[in-house]
Amino acid sequence: MRFYGVRLLVDQFDTCFRFYRDVLGLTPVWGEEGGRYAEFKAGDGAPLALFRRELMAEAVGTGDLPPDARAQDRAAIILQVDDLEDTVSKLQAKGASLVTEPKDYPAWTIRAAHLRDPDGNLIELFTPLPEEGR
């Protein structure tokens, strides 16, 4: 397992996109204003990403909660894994509880599962979908 990056779940995608691009001067490497997802090059390290908050809430089943509720996530830790099912199985054997079972997200070009750390922070485990699964 390896750390992939930080994804901020935002309500004001375009405003945030402009802030990270224009104010902080980060270089967008994926996505654009008006989109759903964007990644920014953050030095030589892991990327910083933005994702529309309501889409993650829908994916992890918190979309029916008030948008200002503490339970609706504002950030997610994203970990890319080589074998999602094997990783999920090993984590469950260690006591981890999933928020979502492994599922294909063709629009996101990934297969992902979600869980939370003991403090409630959302973690996404993913592997890229093969070209034909997109």
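The values are calculated or read from the model by the stated rules, or taken from the named source; none is laboratory data. All figures in this text were calculated on a predicted structure; none of them were measured in a lab. When we count neighbours, we look across all protein chains shown, and the Cβ atoms used for this are built from the backbone with ideal geometry, even at glycine.
Out of everything in region 71-86 that is part of a strand (DSSP E or B) and not small (Gly, Ala, Ser), what residue ends up being surrounded by the most Cβ atoms within 10 Å (Cβ to Cβ)? Going through the qualifying residues, I end up with Ile78. Exactly one residue among Val23, Val81, Val29 is modelled with pLDDT under 90 and of a type in the set (Val, Ile, Thr), and that residue is Val23. Take the conditions (1) more than 18 Å from Thr109 (Cα to Cα); (2) in a helix (DSSP H, G or I); (3) modelled with pLDDT under 95; Asp68 misses just one of them, which is (2). For the residues Pro47, Pro128, the requirement of being under 17 Å from the mean Cα position of the chain (by Cα) and more than 15 Å from Val6 (Cβ to Cβ) singles out Pro128.
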